[in-house]
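K.L.:
To start, I am sharing the structure in question, which I have written as structure tokens.
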Amino acid sequence: MLDADFFRRWMTAAAAAVDREADRLTELDSPIGDADHGSNLQRGFTAVAAVIEKDAPDTPGAVLTLAGRQLISTVGGASGPLYGTLLRRTGKALGDAAEVDRAAFADALRTGVDAVAALGGAAPGDKTMLDALVPAVDALGDSFAAARDAARDGALATTPLQARKGRASYLGERSVGHQDPGATSSALLFEALAEAADG
Ligand code: ADP
Ligand code: MG
Ligand code: MG
């Protein structure tokens, strides 16, 4: 079973991963964006780790809703409201249970991913974070490692796509040949999740 401590470890590991990869995320956001994805998420997840430490939310749902609200209020770019919605809606779907199993978490995360799609109007194939998030949530029923691998493969598969949503879509065909920064950071979140599950 997954308890509040597990979800706090996930958010801490996510903050560390974003910190470690911030320069790379910003580099990916240079040719097809405005070169701020790494710094946006670094600011956001640093604030998430701090507020979780300070408030010590004591259910899985409370950890994720707090993290989501913090991202929405700290990150100005498109990714703040999108990741904020992902975590907040997943947290709300978990309710106030003290522990959840992986299947219930996968169901809740599906609600969160659907909310991201509704907010941004994007679908898989549009070269966004959804290209990593959707296959990851599909694979989460199998294992955390399967979700991690599916997110990574989904992020890599954005390279040949033409962006249809977000800033990169302004480039039209010139967005082809670059890996999407948001799909790459989504893969990092699932890498952090698999780490939290191991430790
Ligand atoms: P901004 O584009 O405002 O500078 P970021 O650079 O932080 O924001 O985030 C860019 C990422 O956000 C993109 O790489 C893409 O994955 C994701 N994104 C942008 N628009 C959408 C959308 N409408 N739906 C889903 N994801 C999106
Ligand atoms: Mg950007
Ligand atoms: Mg920006």
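K.L.:
Tell me, what is a quarter of the convex hull surface for the C-alpha atoms of the chain, in nm² with one decimal? Show your work: numbers first, answer last.
P.N.:
Values: hull surface 36.6 nm².
Mean projected area of the Cα convex hull: 9.2 nm².
K.L.:
Cα axis of helix 130-139 to longest principal axis of the chain: angle in degrees, 0 to 90, nearest 10?
P.N.:
40 degrees
K.L.:
Run the numbers for residue 99 and residue 162: contour at 0.36 nm per residue of separation, minus the present Cα-Cα distance, in nm. Each step should come with its number before you reach the end.
P.N.:
Numbers: separation 63, 0.36 × 63 = 22.68 nm, distance 4.08 nm.
Residue separation times 0.36 nm, minus the Cα-Cα distance, leaves 18.6 nm.
K.L.:
Please find, in a Gaussian network model of the chain (springs between Cα atoms separated by less than 10 Å), the residue of 103, 147, 157 whose mean-square fluctuation is greatest.
P.N.:
Looking only at 103, 147, 157, the largest GNM fluctuation is found for 103.
K.L.:
Apply the Karplus parameterisation 6.51 cos²θ - 1.76 cosθ + 1.60, with θ equal to phi minus 60°, to every residue of the stretch 167-176 and state each ³J(HN,Hα) to the nearest whole Hz, in sequence, with x for glycine and proline.
P.N.:
3J(HN,Hα) across the stretch 167-176, in whole Hz: 3, 4, 5, 4, 7, x, 5, 6, 7, 5.
K.L.:
Hey, for a label at residue 1 modelled as a point 7 Å past Cα toward Cβ, could you say which residues of the stretch 51-90 have their backbone N under 19 Å away?
P.N.:
It comes to 57-64, nothing else.
K.L.:
Gap in Å between the Cα centre of the stretch 90-138 and the Cα centre of the stretch 1-59?
P.N.:
17 Å
K.L.:
A follow-up question, please. Can you give the extra length, in nm with one decimal, that the chain gains between residue 24 and residue 114 once fully stretched, where that is 0.36 nm per residue apart less the Cα-Cα distance?
P.N.:
Numbers: separation 90, 0.36 × 90 = 32.40 nm, distance 2.73 nm.
Full-extension gain reported as 29.7 nm.
K.L.:
Let me ask something else. Nearest 10 degrees, 0 to 90: what angle lies between the long axis of helix 79-94 and the longest principal axis of the chain (Cα atoms)?
P.N.:
Tilt of helix 79-94: around 30 degrees.
K.L.:
Oh, and also: Starting from the Cα of residue 171, step 7 Å along the direction of its Cβ; do the same at residue 50; then give the gap between the two resulting points in nm.
P.N.:
Once both label points are built, they end up 3.2 nm from each other.
Every number here is computed from the coordinates shown, using simple stated rules; none is lab data. Note that the structure is a prediction, hence the values are computed from the model and not measured. Cβ sites come from the backbone with ideal geometry, for glycine too, and all protein chains shown count toward neighbours.
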